[in-house]
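As structure tokens, the structure follows; a few thoughts come after it.
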Protein chains: 2
Amino acid sequence: MGRNIVGDRVAGNRHDRSSDEHEESATGGLPAAAPGAPAGGTGTGTDVPASHPPDGRSGADPGPGVGTAEARPGGRAPGHDRRRAALDGGGRRRASRAGRGARARTIRNARRAVTLDDVARLAGVSLATASRVLGPGSARRVGSELRERVERAARQLGYTPNLVARSLAHGASDLVGLLVPGLSDPQFAALADGVLRAAERDGLAVLVGAGRRDPERELAHLATLRAQRARAIVLAGIETADAHGAARLRAELERYHATGGRAVRVGRAAPAGEADDLPADLVVPDDREAAARLAQALAALGHRRFAVLAGPSEHAEARERVAGFIAGLAGAGLPAPRILHASGDREGGRAAAERLLAAGADATCLVAVSAALAAGALAALRDRGVPVPEAMSVAAFGDGPVPPEVSSLTVVRPPLERMGERALDLALRPAGAAEPYRRRVVAVPGEVVIRESVRRIG
Amino acid sequence: MGRNIVGDRVAGNRHDRSSDEHEESATGGLPAAAPGAPAGGTGTGTDVPASHPPDGRSGADPGPGVGTAEARPGGRAPGHDRRRAALDGGGRRRASRAGRGARARTIRNARRAVTLDDVARLAGVSLATASRVLGPGSARRVGSELRERVERAARQLGYTPNLVARSLAHGASDLVGLLVPGLSDPQFAALADGVLRAAERDGLAVLVGAGRRDPERELAHLATLRAQRARAIVLAGIETADAHGAARLRAELERYHATGGRAVRVGRAAPAGEADDLPADLVVPDDREAAARLAQALAALGHRRFAVLAGPSEHAEARERVAGFIAGLAGAGLPAPRILHASGDREGGRAAAERLLAAGADATCLVAVSAALAAGALAALRDRGVPVPEAMSVAAFGDGPVPPEVSSLTVVRPPLERMGERALDLALRPAGAAEPYRRRVVAVPGEVVIRESVRRIG
DNA sequence: TTGAAAGCGCTAACAG
DNA sequence: CTGTTAGCGCTTTCAA
């Protein structure tokens, strides 16, 4: 089709990729790079490739006139004293750099970045002093006189520390890693958002990898994070089904751990008995506490008599929720609810709700331990002509995507963001020198979200 | 409340943070680190702090018995030849390292990572050769004999390249940056997912920052990305309202550009006239093409007569969509649709739909240029007793979160993932040496999602 | 091919 | 408080 996209200005549209997209170039607002001579040794006229030090450093400060900076369009700020090096003999540094840097620069058409060395020289101080002023752990003992000179110089040159160099020298990066199946699932996106938030608080940058539920890819990402020397890694949604995969994952995490890294997994604890011995801490939802809070919240709205759709009695998660709910009621001085077991699916919810109605329920509020059960119960109530919330309030645990038809359902929402935050916090908090390694587990209660399906009583 | 979360096992629960979460430690499956003597010079008995080279390197390979590796629980693989250094006098390297590394290691209780140097020595080759084998751009000329020795040594030691060092030496990192308001908005999460996908294809890692709609924070993240030497940056949802903020953003991006970085913005083009002169390429949705495709799709379903709820006639975006739709119909040999203008909100949609019905519509399909208009139209149809899709099909452009009541609406979905992918691709593709800087623009058509609100005709 | 050596930009001893 | 110096681990000339 090949139309261009900016009004009706015509441009040569060359199709690209899937011939699906249109592309256009337009002269932008950015000033051109200096069109004159390239900054480095190439093309200086003197053809002395090896011995000539095109990138040598002068010992003296560059004198006045250098570094108006801040944003010098097309200028050649720190470049010019480089040329003086040949004149004053290379000063205090061994003068013998190959022109590689300069040449590469010319190719990529990008100015060489301002280094700490540039700043130090302009300020007339040693590299160490400049580092003390500009480096991490800001407030290190440097005389205010020099400190200011350094700061001015840095500002003037538009200095930005090279964090890569910093990391290498310091021996630890400011990076943390996050491995999730992907970000298109809002659940993992929410979790990621929490990790981002926690990282920002600590001044760390987050490397995100998408495992796409592919063990190979997950392992590769983990290896990359390790290679990047990420300080901590948060994993979520990584479920190795087969034993082989689990072993490989375990090995990878052990390697990571061995080099001082700390990994934290987010998710439900593995079913008892399963080999869940990964060297990673764990952040899990605290169903029990969340259930207790739900009970409290409902009690606060005036409800006194409850029925609980508990699903199958052998379901551990469900049991936790029921127990927590009962405890919460007890805490509010209320009697235990009526418990109805059934299959864990929608039909189970329907059946249980019908049983409840048939039995002549005196409950004012129905609590389902899962969204599926709640959906079934809602259907039963509708069929029986019991209006929600007028005649019956309904609440549920909202794990998994909540079906649209119950978007007004009061739920306990899984605390994704908080789990993400806590996971990173946990990973970053030193584990103490206690040997042997002890896995730490943090449980985060879900959030009670009261919506229209629950009414206030009294 | 302080219960513990694993069954009924009791543990010392210390409250943490908001007293909201429970924590527990449990002895895990990870073997303890070697409990014996620390790996470094500390505690060797000889008390010669400075001149003694605790970390000196032996020139010989460590001999048999070293490096069973791959996953050696509790062992001290590369550590042991370090101790031999004092005996054989430090070999060919200048022997004068301070014991810093070793000491820090002891503190952090982590083995020093295996370096390329370790591998080279074990393989009995030079650092350069090892680098040539294990470094990037794999297939460099190295004799198969040595190559294999190096590879074996690497495997044996469990070598993982230090990407930080690599980046510093190479002068370019394998990182790209992504700046979004946050990931809790599924739109940006989807976009981020696209960026992740594209990055993975290119073997790059993605640093994600959340600007939280705060210019200060956005700038800070951008600076960090620049400092990390990210090769490319993708920005989305960064809208600087005031001129000052815009100028700062511009300055920041120019700096980034000056050091060779390439930024790409994702989103609608700025309204004409606005100072949208950021030195960043642009990826935008191609409404026109998407609208044409919608027309095609609907025509393919048998629809022949359409009505378009076009919103206010001065809305540029809406105009594009209408124009594209008309063009699409024309392409299918169909006549122009009936165009109905109204206000751009829900009420406008309702009013327009009512006008259409009142006029005795012969259209079989209603297309709204926004979800809000569609919602209004659906309401009107419902009120008038016109069943959708039986008596009238409805489709819309799905920008913004689609209201739940229209979750079965046929829409043109904004191509978030693809825009993310394309953005990174664009940033990574060299811009060519063309001076002056030309902003490139890529338009990506949205995806047509046919749902129940449209029926097949004939 | 291979090895020796010079850095990448920064931090952190160590010595004044 | 300030400067000197030795690296961090790797890539890449340059010379053999």
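The values are calculated or read from the model by the stated rules, or taken from the named source; none is laboratory data. For clarity, every value in this text was computed on a predicted model and none was experimentally measured. With ideal geometry, Cβ positions are generated from the backbone for all residues, glycine too; neighbour counts draw on all protein chains shown. What goes into the accessible areas is simple: the full protein's heavy atoms, side chains included, and nothing from ligands, DNA or RNA. Shrake-Rupley method; radii C 1.70, N 1.55, O 1.52, S 1.80 Å.
Calculate, in whole percent, how much of the Cα-Cα pair population of the range B:116-161 lies beyond 16 Å. So the pairs more than 16 Å apart make up 21 percent of the total in the range B:116-161. For the peptide B:320-332, the mean number of other protein chain Cβ atoms found within 10 angstrom of a residue's Cβ is 1.
These residues, B:His315, B:His22, A:His170, B:His257, go from largest to smallest accessible area, 1.4 Å probe, as A:His170, B:His315, B:His257, B:His22. Averaged over residues, the count of other Cβ atoms within 10 Å places the peptides B:376-389, A:177-190 in the sequence A:177-190, B:376-389, highest first.
When both the range A:146-177 and the range A:223-259 are represented by their alpha-carbon centers, they are found 31 Å apart. For A:Leu196, neighbours were defined as the other residues whose beta-carbon sits under 12 Å from its Cβ, and their charges (Lys and Arg +1, Asp and Glu -1) total -1. Taking the square roots of 5 times each eigenvalue of the Cα gyration tensor of the range A:171-279, largest first, gives ellipsoid semi-axes of 21, 17, 12 Å.
Each of A:Arg355 and A:Arg152 was given a label point 7 Å from its Cα along the Cα-to-Cβ line. The distance between the two points is 8.3 nm. If you take all other residues with their beta carbon under 11 Å from the beta carbon of B:Pro136, and give Lys and Arg +1 and Asp and Glu -1, the sum is +2. DSSP loop trypsin sites (Lys or Arg not before Pro) in the range B:150-243 with at most 14 other Cβ atoms within 10 Å of their Cβ, which ones? Here the trypsin sites (Lys or Arg not before Pro) that fit, given the DSSP loop and packing criteria, are B:Arg213.
Protection proxy ranking, highest mean first, for peptides A:203-209, A:347-353: A:347-353, A:203-209, where packing is the per-residue count of other beta-carbon atoms within 10 Å, averaged. Computed from the alpha carbon positions, the gyration tensor of the range A:287-414 leads to an equivalent ellipsoid with semi-axes of 19, 16, 14 Å, biggest first.
Summing charges over neighbours of A:Ala297, with a neighbour being any other residue whose Cβ is under 12 Å away from its Cβ, gives +2 when K and R count +1 and D and E count -1.
With a 10 Å cut-off around each Cβ of A:417-425, the average count of Cβ atoms from other chains is 2.
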